[in-house]
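Below: one structure, written as structure tokens.
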Amino acid sequence: MPFHPEAVLDDLRDHATEIREFAEDDEETVERYRRALRDALAEYDTNPLRRELGPDRYPGALPTEEWDENSSPVIPFEESASWDNHEAVNGYAKDILEGVTTIAADGSELGPTDEFTVPLGLVQVAWNANHHHKDGDYDEGLNTRILGPHAVTQESEEEDGVRYTDGRAPGHERYRDEGETVIACIEEFADLDPPPVVIYDGPLVPTFANTYSPEVRDDYYRQTMSRVLAASEHHGVPVVGYSAGSSRTNIAKLLRRTYRSRLGDEPFVPDSRILEGFTQHWGDRSQVFTHRQDGTIDAMEAEYRGEEYEFATDVLFGYLDIPDGDAMDYLEFPGWVLRTGLVDYVFDIVRAEAGVGRGYPEIVQQADANAVLDTEAKRRFLALVQNFAEEEGLPIEWNAKNLSKERRRR
């Protein structure tokens, strides 16, 4: 069927108001949150506020020791005030990153295939370690894994023996493989000095997985990331969960709980919109807070190398202002980073990587480029499966419906 852009454009115009209301916040509402944040800093010390908000509830965020040490919610990066071009950013990044190993892992997946009568999947995870030596020392690897028919299907609830393809299964498998790859990298490079920094593409607390079944949520997401956090603490290797342009509302939730009468009826606004009223320079960062968004954090626990680790009140977050986007970027990292005085070190490394990457960490971009499975990769995968099935005499045949589609589209 042909595509009619004029009709689509007309329909988009009908949604313009809805899109604008969804994407924009009322400036007066944002300013009320900013005033509340200023007042909270002036009126409360860390421990009384933590007690009032309660450790067993979910106020979105709890203040850390940085609350008492700073009069503003944003800690300025004054070094950039005099910069007027990207070369200054590159110079800063070179100085910060020299001799520091940064690591990233990213994955991609194919399937479940519907081109064959037997469904299959493929997961690929790439990892990169840039040691930032003058001689260009660099390590990388690629792990690829086939997902068999049982991994990409699930049995019917009717107990009739029928199995249906699960379109989300390769994504679950990829998430777990990414986590295991991160752990392997931590273990391999843990002895380096200064400590390497792993930048993970996404949050460390997988609240997004709450929409999955309890088994998938716990086995693939909560358990995987809990093990990553445990390995990070055990080996003293910082792991940073990086989300660009976040719309999180953890701090907004804290302020609504603190000032119920002032903000209880106000709509939520993203933390980054509140904080941007306090930023002045490229690279400014927020204070760090304890993550207490919902019950996901309470389930974050793992055993690693014979030790038990719990993270219910031991995952922190903060925001970083790296332009090339309207919203500040959101970072999560384990609590031991603050206890050992490495918060500024971690922010410096991420700031430098994002500067080199012109708004997104360069090491993460490299891992993503190595991991991606595009249309050509899928075509080669299907051809490989077909040839293998013929060589081994396996009962894998082209699905007649999809074969017909392919012929029509050629």
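Whenever a residue of the range 190-210 is within 18 Å of residue 367 (Cα to Cα), its partners that are in a loop (DSSP other than H, G, I, E, B) and aliphatic (A, V, I, L, M), lying with C-beta atoms within less than 8 angstrom and at least six residues away or across chains, give the pairs 196/100; 196/190; 196/237; 197/100; 197/237; 198/237. Within the range 75-114, the only residue that satisfies the criterion of being open to solvent by less than 40 Å² (accessible area, probe 1.4 Å), β-branched (Val, Ile, Thr) and in a helix (DSSP H, G or I) is 89. Quick check, is residue 64 crowded, with 17+ Cβ neighbours inside 10 Å, farther than 26 Å from residue 365 by Cβ, at pLDDT 95 or above and touching a strand residue (DSSP E or B) at 6+ places or on another chain (Cβ under 9 Å)? Here the answer is yes, as residue 64 does meet what is asked.
Taking the range 265-281 as the range and being in a loop (DSSP other than H, G, I, E, B) and either out of contact with any strand residue (DSSP E or B) (no Cβ under 6 Å at 6 or more places or on another chain) or open to solvent by less than 10 Å² (accessible area, probe 1.4 Å) (or both) as the test, the residues that pass are 265, 266, 267, 268, 269, 270, 280, 281. Restricted to helices (runs of 4 or more DSSP H) entirely inside the range 294-371, those with at least 1 residues that are of a type in the set (Gly, Ala, Ser), under 16 Å from residue 77 (Cα atoms) and in contact (Cβ under 8 Å) with a residue 40 or more places away in the chain are 343-356. Among the residues making up the range 43-61, those that are over 26 Å from the mean Cα position of the chain (by Cα) and either open to solvent by less than 80 Å² (accessible area, probe 1.4 Å) or free of Cβ contacts under 8 Å to residues at least 12 places away in the same chain (or both) are 43, 44, 46, 47, 48, 49, 50, 51, 53, 54. State the number of residues belonging to the range 118-151 that are without any contact (Cβ under 8 Å) to a residue 40 or more places away in the chain, closer than 20 Å to residue 386 by Cα and over 25 Å from the mean Cα position of the chain (by Cα). Summing the residues that are without any contact (Cβ under 8 Å) to a residue 40 or more places away in the chain, closer than 20 Å to residue 386 by Cα and over 25 Å from the mean Cα position of the chain (by Cα) in the range 118-151 gives 3. Listed here are the strands (runs of 3 or more DSSP E) enclosed by the range 115-188 that have at least 3 residues being surrounded by 14 or more Cβ atoms within 10 Å (Cβ to Cβ): 121-130, 138-147. When 240, 198, 205 are screened for being outside any strand (DSSP E or B), among the β-branched types (Val, Ile, Thr) and under 24 Å from residue 342 (Cα atoms), only 205 passes. Considering 405, 378, 401, the condition of being touching a Leu at 6+ places or on another chain (Cβ under 8 Å), outside any loop (DSSP other than H, G, I, E, B) and modelled with pLDDT under 95 is satisfied by 378 alone. Exactly one of these conditions fails for residue 224: (1) open to solvent by 30 Å² or more (accessible area, probe 1.4 Å); (2) in contact with a helix residue (DSSP H, G or I) (Cβ under 7 Å, 6 or more places away or on another chain); (3) hydroxyl-bearing (Ser, Thr, Tyr). Give me its number. The failed condition is (1). Residue count for the range 327-364 satisfying the condition of being farther than 22 Å from residue 289 by Cα and surrounded by fewer than 18 Cβ atoms within 10 Å (Cβ to Cβ): 3. With respect to the conditions (1) surrounded by fewer than 18 Cβ atoms within 10 Å (Cβ to Cβ); (2) touching a residue at least 40 places away in the same chain (Cβ under 8 Å); (3) part of a loop (DSSP other than H, G, I, E, B), residue 262 lacks only one, and its number is (3).
The values are calculated or read from the model by the stated rules, or taken from the named source; none is laboratory data. If you're wondering where the values come from, they're calculated on a predicted model, not measured in any experiment. A quick note on method: Cβ atoms are made from the backbone with ideal geometry, for glycine too, and the neighbour counts reach across all protein chains shown. Please note that ligands, DNA and RNA were not included when accessible areas were found on the heavy atoms of the full protein model with its side chains. Shrake-Rupley method; radii C 1.70, N 1.55, O 1.52, S 1.80 Å.
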